[in-house]
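Chemist: My questions all concern the structure below.
The values are calculated or read from the model by the stated rules, or taken from the named source; none is laboratory data. Computed from a predicted model, the values in this text were never measured in an experiment. Counting neighbours? That spans all protein chains shown, and the Cβs are built from the backbone with ideal geometry, glycine included.
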Amino acid sequence: MNNSVNIKNKIQPFRKSIKISGDKSLSIRCVLLASQAIGISKIKNLLESEDVLNTLKAIRSLGIKYLKRGQIYEIRGYGINGYKIKNKLIINAGNSGTLARLLTGLLVNIDSEIKIIGDKSLSKRDFKRVTEPLKLFGVNIKSTKGHLPLYIKGTKFLRPINYNENRGSAQCKSAVMLAGLKTPGITKIRAKKSRNHTEILFKNLKIPLKIKSGKKIDQISINGPNNFKSFNYEIPGDISSSAFFIVLTILSQRSKIIINNVNINESRIGIIKILNKMNCKIKLANKRLYKGEKIADIIVKSSNKIKSINCPPSLNSAAIDEFLVIFLVAAKAKGVSSFRSLGELNKKESPRLKIAVKFLKMIGIKVLNSGDNIKIYGNPRLFLTGNYVLKNYMKDHRVFMMSCVAALTFGGKWKINDKDSIKTSFPEFLKILRELGANIN
Ligand code: S3P
C-alpha cells in the first residue's frame, strides 16, 4: 500500500475554526487510572490513536473490562489490587513511551512476571530511567541492556523511596508516583519541572498528595497505599497536536485559525511562550478551568516579521514535543536562533535533534549543532523550489507532520513517507489539513 503523501503546492490563505482531538498524555493517564479505580469511570473525548488503543489493550490483558457507549468509554476498575493476571503475560506498548513507562509503576504489586515489549522505535529508548527507581521499591525489574523487553515481577512487600528525578521527565515522575500510590508509607520525589497531569489527576481523585512547588523543582510526597473511586472526565484538545496548526498558520500568508478547547496547562505551553517571544501572534481566549486543568481557545494569525530567539532552557520541558515545528519558525526568522540543553530531544520516538539538523540543512538553512545545542540561521525570504523526499527514519509521527507543515508553507515539491505514523498520536491530522484547503495526494 502507498504510505506516502505528495505535496506540490503551498496552502492558500485560510480562516477557520477547528477542533483538535483529545490530549494524549491525559488520555493514557485517564485510562490507566480508571483501570485501578473502584467502580465504572466514564471518559469522554478520549483520543482514539494507537498509543491510547494500546493502553486500552494493555488494561484488557490485565483483566479490566471496558466498552464504548456513544462517545463515552466506560472502564470498570476493581481498585489498586484489582488486576487479574494470566500466566506469562506479554504486554505490547507499541510506540508509546508514556504507556510503557507509566504501566511499570502500576505493576509493582503484582507478583507474577510480566514482559513488556514495544515496536522498533520504543525498543531503542531508555528504560533504565524507570527500572532504577522501581528497583528501590523492592520490585524485581530487568531491562535488556537498558532497553525493552522489560521483565517485571512485583512484590507484596513494597517500601517507599526518596527519588530525585533530574531529567524533567514526566513519564519517570509519574511511574514513581503510581508505584508510590501502592506502597505503604511516604514516597518522596524531588522532580525537575515537567508536565504535571498526574499530580492534578491525583488531587482530583483525592489521593493524599503534597506538593511544594518551586521555580525549577517540585517536591512531591504521596502517602500510600490508597484506593480511589471511579471518576468522570472529558479530555480537552491536545496542545502538541495543535502545535502543527499553530505553526502552519504562522508560516502561511494572511491566515487565521481558532483552535477550540485546548489544554493550556502551564507545563505544556512552552510553544506559545517561545513563539510569542519570536513576535508571533498567538492569543488565548475563553480561558477556563476543568478539574484543575486550564483550557482555552487558541487564536493564531500569520506572522511576517518573525524574530530570532535565544531560547531559555527553562522552557525546554514545556515545549519538548514541539521543537520540530518551533525550528521551522526559527528557519523563517530574522537572525540566528539558539536553543540549548536539548539532549532529551534525541531520546524521543526518533533522535529528533539530529533529524532536525538534517532536515534544516536539506532545505538550505544553515545550522550549527554541537552536542545538545543548536543554532539556526533564519532566512525570512525562505522559498523552496526543489524536489524533496522525506524518508522518515523510525517512522516518527511528529517528523511526518512537521514535514507536511514545511511543505505547505515553504514551497517545493515533496514526497513525504510514512503517512501511517500519524495513527500514533493524531489520526485526523491529514483530514483537518484538507479541510483547511491543503492539496495533499
Ligand atoms: C509525556 C512526557 C514527555 C513527552 C511525551 C509524553 C507524558 O516525555 O515527550 O510525549 O505524557 O508524560 P518524557 O517524560 O520522557 O520527557
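Chemist: Any residue at all in the stretch 216-228 that is in contact with a strand residue (DSSP E or B) (Cβ under 6 Å, 6 or more places away or on another chain), more than 30 Å from Pro184 (Cβ to Cβ) and among the charged types (D, E, K, R)?
Modeler: no
Chemist: Are there any pairs, at least 6 apart or on different chains, whose C-beta atoms fall under 8 Å, with the first in the stretch 81-110 and under 15 Å from Leu181 (Cβ atoms) and the second assigned to a strand (DSSP E or B) and of a type in the set (D, E, K, R), and if so, which?
Modeler: Cβ pairs passing all conditions: Ile110/Lys153.
Chemist: So which residues in the stretch 98-125 are part of a helix (DSSP H, G or I), within 15 Å of the ligand (Cβ to nearest atom) and within 18 Å of Asn392 (Cβ to Cβ), if there are any at all? Don't jump to the end; show me each part of the working.
Modeler: Initial filter on the stretch 98-125 (part of a helix (DSSP H, G or I)): 98-106, 120-123.
Those left that are additionally within 15 Å of the ligand (Cβ to nearest atom): 98-106, 121-122.
Scanning the stretch 98-125 gives Ser121, Leu122.
Chemist: Which residue is surrounded by the fewest Cβ atoms within 10 Å (Cβ to Cβ), if the candidates are limited to the stretch 262-301 and must be in contact (Cβ under 8 Å) with a residue 60 or more places away in the chain and more than 17 Å from the chain's Cα centre (by Cα)?
Modeler: Among those that are in contact (Cβ under 8 Å) with a residue 60 or more places away in the chain and more than 17 Å from the chain's Cα centre (by Cα), it is Gly292.
Chemist: Follow-up. From the list Ile59, Ile40, which residue is among the hydrophobic types (A, V, I, L, M, F, W, C) and free of Cβ contacts under 8 Å to residues at least 60 places away in the same chain?
Modeler: Just a single option satisfies the conditions, and that option is Ile59.
Chemist: Quick one: which residue in Lys84, Lys42, Lys24 is more than 16 Å from the ligand (Cβ to nearest atom) and within 23 Å of the chain's Cα centre (by Cα)? Don't jump to the end; show me each part of the working.
Modeler: Details: Lys84 fails: within 23 Å of the chain's Cα centre (by Cα); Lys24 fails: more than 16 Å from the ligand (Cβ to nearest atom).
The match here is Lys42.
Chemist: Determine whether Ser21 is in contact (Cβ under 8 Å) with a residue 60 or more places away in the chain, in contact with a Pro (Cβ under 9 Å, 6 or more places away or on another chain) and closer than 24 Å to Asn204 by Cα. I'd like the intermediate steps shown before the answer.
Modeler: Details: in contact (Cβ under 8 Å) with a residue 60 or more places away in the chain: yes; in contact with a Pro (Cβ under 9 Å, 6 or more places away or on another chain): yes; closer than 24 Å to Asn204 by Cα: yes.
It is true that Ser21 is in contact (Cβ under 8 Å) with a residue 60 or more places away in the chain, in contact with a Pro (Cβ under 9 Å, 6 or more places away or on another chain) and closer than 24 Å to Asn204 by Cα.
Chemist: Give me the strands (runs of 3 or more DSSP E) completely within the stretch 23-84, filtered to those with at least 2 residues that are of a type outside the set (Lys, Arg) and crowded, with 17+ Cβ neighbours inside 10 Å, ordered by residue number. If you could, list the steps in order and put the result at the bottom.
Modeler: Working: elements: 38-44, 65-69, 72-78.
Output list reads 38-44, 72-78.
Chemist: In addition: Residue check: is Phe327 more than 29 Å from Lys173 (Cβ to Cβ) and aromatic (Phe, Trp, Tyr)?
Modeler: Details: more than 29 Å from Lys173 (Cβ to Cβ): no; aromatic (Phe, Trp, Tyr): yes.
Judged against the criteria, Phe327 is not a match.
Chemist: If you don't mind, there's one more thing I want to ask. So for the stretch 128-144 (the condition being over 25 Å from Ile422 (Cβ atoms), aromatic (Phe, Trp, Tyr), modelled with pLDDT of 95 or more and assigned to a strand (DSSP E or B)), does at least one residue qualify?
Modeler: Of the residues in the stretch 128-144, the ones over 25 Å from Ile422 (Cβ atoms) are 128-144.
Within this subset, residues satisfying the condition of being aromatic (Phe, Trp, Tyr) are 137.
Subset that is modelled with pLDDT of 95 or more: 137.
Retained after the next criterion (residues that are assigned to a strand (DSSP E or B)): none.
The answer is no; no qualifying residue exists.
Chemist: With the requirement that a residue be within 13 Å of the ligand (Cβ to nearest atom) and surrounded by fewer than 17 Cβ atoms within 10 Å (Cβ to Cβ), what does the stretch 163-191 give you?
Modeler: Start the filter on the stretch 163-191 by keeping residues that are within 13 Å of the ligand (Cβ to nearest atom), which leaves 165-178, 191.
Across the stretch 163-191, the qualifying residue is only Asn166.
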